[in-house]
C-alpha cells in the first residue's frame with residue numbers, strides 16, 4: 001500500500017517541480033527583460049540629463065552675454081540708463097536663482113527669452129536715438145556752417161558798410177577854400193589896416209569860403225578857429241573848459257567860434273581874434289574846424 005501511495009505521489013511532485021521551473025524561468029525572463037528595460041531607461045536618463053545640462057549651460061552663457069550687452073548699451077540718457085540697469089538686475093537675479101534652485105530647462109529658457117526680447121526693444125530704441133542724434137549732429141553742423149557763412153557774410157557787409165560810412169563821412173566833410181589870415185591895426189576912425197608887425201597887431205582876421213557839399217547835412221553848424229603862436233600855445237581868452245571843444249575824443253582850446261547856417265552852398269566867412277597881450281614875432285598857424293573835422297589851415301608871419 002505504501003509503495004502504491006508513493007508511486008501516486010511522484011507524478012504530483014514532478015508536476016509541481018515542472019510548474020516551479022516554468023515559473024522560475026518566466027520570472028527569470030521577466031527579470032532579464034526588466035533589467036534590460038531599466039538599463040535602456042538609465043541610458044536615456046543619462047542622455048536626457050546630459051542634454052539638459054548642455055542646454056542649461058547654453059542658457060546661462062546667453063544670460064551672461066545678455067548682462068554684458070546691457071552694460072554696453074549704457075548711454076548719456078539717465079532715464080534709459082535707469083531702465084537698462086533694472087533689466088540687467090533681472091538678468092543677474094535669474095542667473096543666481098538658476099544656480100540656487102532646480103529650475104526646469106523650459107522655464108529657464110522662457111525667462112531668458114523674455115529678457116532677450118526686452119533687451120532687443122532697448123537696442124532698437126537706442127539705435128533709433130543714435131540715428132536721430134547723428135541726424136541732429138549733421139543738421140547742427142549744417143546749421144553751424146550756414147551760420148558761419150552768414151556771420152562771414154555779415155562781417156563782410158559790416159566791413160562794406162563801415163567803408164561806405166567812412167566814404168560818406170569823408171564825402172560829407174566840409175572844406176575851407178581860399179583860406180587867408182593876417183594881422184590888423186585899428187586906427188582912430190575904426191579903420192582896420194593890415195600889418196605885418198607883431199607890435200602893431202590888434203586883431204587877427206581869418207577869412208575863407210566853406211565849399212558847397214550836397215552830402216553833408218544842412219543846418220546850423222559851429223565853426224571853431226585855433227590860432228597857434230610861434231611858441232606852440234593857443235591864443236584863447238580863457239584856458240578852462242568853457243573855452244574848449246571836442247576834437248578826436250579830447251577837449252582842446254579854441255581861439256574863436258562862430259555859428260553859421262549852412263545850406264549846402266558856398267558860404268563866405270570871416271572870423272576875428274582880438275589881441276589881448278602883445279604878440280611875439282614869428283609864424284602863426286591857423287586852423288578851422290567844423291563838426292570835429294579840420295576843414296582848412298593856413299599861416300602868417302609877423303615881424
Problem set entry | In region 173-187, the residues that are farther than 21 Å from residue 212 by Cα and either touching a helix residue (DSSP H, G or I) at 6+ places or on another chain (Cβ under 7 Å) or at pLDDT below 85 (or both) | 185, 187
Exercise. Hey, any hits in region 203-214 for a residue that's more than 13 Å from residue 279 (Cα to Cα), without any contact (Cβ under 8 Å) to a residue 40 or more places away in the chain and assigned by TED's automatic domain parsing to the domain that holds residue 289?
Worked result: no
Problem set entry | Tally, over region 215-246, of residues that are within 23 Å of residue 279 (Cβ to Cβ) and exposed (fewer than 12 other Cβ atoms within 10 Å of the Cβ) | 6
Exercise. Can you name the number of the only condition in (1) in contact with a strand residue (DSSP E or B) (Cβ under 7 Å, 6 or more places away or on another chain); (2) modelled with pLDDT of 90 or more; (3) within 24 Å of residue 300 (Cα to Cα) that residue 244 fails?
Worked result: (2)
For this session: For residue 259, state whether it is surrounded by fewer than 17 Cβ atoms within 10 Å (Cβ to Cβ), touching a residue at least 24 places away in the same chain (Cβ under 8 Å) and not in a strand (DSSP E or B).
Result: no
Exercise. Can you name every residue in region 199-214 that is over 12 Å from residue 267 (Cβ atoms) and crowded, with 19+ Cβ neighbours inside 10 Å?
Worked result: 201, 204, 206
Problem set entry | Failed item, numbered, when residue 249 is tested on (1) loosely packed, with under 15 Cβ neighbours inside 10 Å; (2) in contact (Cβ under 8 Å) with a residue 60 or more places away in the chain | (2)
Exercise. Which of the residues that make up region 262-283 are out of contact with any strand residue (DSSP E or B) (no Cβ under 7 Å at 6 or more places or on another chain) and either surrounded by 12 or more Cβ atoms within 10 Å (Cβ to Cβ) or more than 17 Å from residue 200 (Cβ to Cβ) (or both)?
Worked result: 263, 264, 265, 280
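The values are calculated or read from the model by the stated rules, or taken from the named source; none is laboratory data. Given the structure is predicted, the values throughout are model-derived calculations rather than measurements. A quick note on method: Cβ atoms are made from the backbone with ideal geometry, for glycine too, and the neighbour counts reach across all protein chains shown.
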